[in-house]
1. Does ASN28 satisfy the criteria of being under 19 Å from the mean Cα position of the chain (by Cα), more than 10 Å from the ligand (Cβ to nearest atom), modelled with pLDDT of 80 or more and not hydroxyl-bearing (Ser, Thr, Tyr)?
2. Which members of the range 31-54 meet the condition of being over 20 Å from ALA107 (Cβ atoms) and either within 11 Å of the ligand (Cβ to nearest atom) or modelled with pLDDT of 80 or more (or both)?
3. Inspect the range 142-154 for any residue being loosely packed, with under 14 Cβ neighbours inside 10 Å, in contact (Cβ under 8 Å) with a residue 40 or more places away in the chain, part of a helix (DSSP H, G or I) and within 16 Å of the chain's Cα centre (by Cα) and give the result as yes or no.
4. So which residues in the range 1-31 are within 20 Å of LEU188 (Cα to Cα) and either in contact with a Phe, Trp or Tyr (Cβ under 6 Å, 6 or more places away or on another chain) or of a type in the set (A, V, I, L, M, F, W, C) (or both), if there are any at all?
5. Go through the range 1-25 and give me each residue that's in a loop (DSSP other than H, G, I, E, B) and either within 10 Å of the ligand (Cβ to nearest atom) or at pLDDT 80 or above (or both).
Amino acid sequence: MAAVQRISCSVCQVSYNQSYWHQHLFSNAHKSAVRARGLEEGALFQDGIILHTTSENIAYDVLFAPTSEFTAAAAQESLSESADVSATIESFFQHFEAGIKKRIREALTLHGAVKVNGSLSIILRKLDIDGNILHMNKSLRTKSEMILCGTELDDWVRELVRTLLTKYENMPEKGSNWSLSHIVDFELHISKFLPLRGSSFIPLPPLLYSSPASDNSEKSCN
Ligand SMILES: [Zn+2]
């Protein structure tokens with residue numbers, strides 16, 4: 001049996017068994033540590049903060065966290081009954097779209113093909129029978145998808161937003177009157193695409209089959 005690999009978190013200064021690694025990256029403790037460091041270093045949240053890079057440089061995880069003013073404005077909006085959740089989620093991604101595409105392009109330049117998934121952390125709210133406001137954390141996660149040089153990132157981001165909205169609408173909490181209070185952050189997990197040994201066929205995303213390349217469209221990498 002192979003030795004259990006341990007990965008050490010450079011931010012938290014703690015090492016973890018590989019199987020707990022993603023759990024650690026998703027933990028609030030790790031994210032707060034990263035955010036604190038990002039603030040210290042004056043990092044631009046717009047470009048996303050690197051949560052972690054593996055030693056082999058095959059993957060990285062990026063956190064897109066709004067500034068507190070952005071969150072406060074969104075929370076204020078959602079206090080009204082007519083709060084438009086899709087507008088809130090769409091404006092969040094409009095704010096971070098350039099950063100998200102930049103980070104994916106960086107990874108594509110290194111690896112040519114990557115697998116990407118995301119996790120949107122949100123806070124839900126509802127009133128209890130005594131009129132108190134209750135809050136709850138929730139994560140909306142997307143499945144891992146392959147992105148290649150040539151994938152239209154604009155379309156990919158649009159599809160990502162649509163998927164997250166659908167997940168929000170279908171979450172079981174909606175049935176018990178929970179609704180969006182505000183968005184905490186968005187984590188982007190990017191890893192190198194490793195084809196299985198012996199397999200030479202790499203499927204292309206449908207867009208490459210269906211749409212002719214246009215000269216003025218934005219390419220993910222060269
Ligand atoms: Zn950590």
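1. Criteria met by ASN28.
2. Once the filter is applied, which keeps residues that are over 20 Å from ALA107 (Cβ atoms) and either within 11 Å of the ligand (Cβ to nearest atom) or modelled with pLDDT of 80 or more (or both), the range 31-54 yields LYS31, SER32, ALA33, ARG37.
3. yes
4. Correct list: ILE7, CYS9, VAL11, CYS12, TRP21, HIS24, LEU25, PHE26, ALA29.
5. Once the filter is applied, which keeps residues that are in a loop (DSSP other than H, G, I, E, B) and either within 10 Å of the ligand (Cβ to nearest atom) or at pLDDT 80 or above (or both), the range 1-25 yields SER10, VAL11, CYS12, GLN13.
The values are calculated or read from the model by the stated rules, or taken from the named source; none is laboratory data. Source: prediction; values computed, not measured. As a convention, Cβ positions derive from the backbone with ideal geometry for all residues, glycine included, and neighbour counts pool all protein chains shown.
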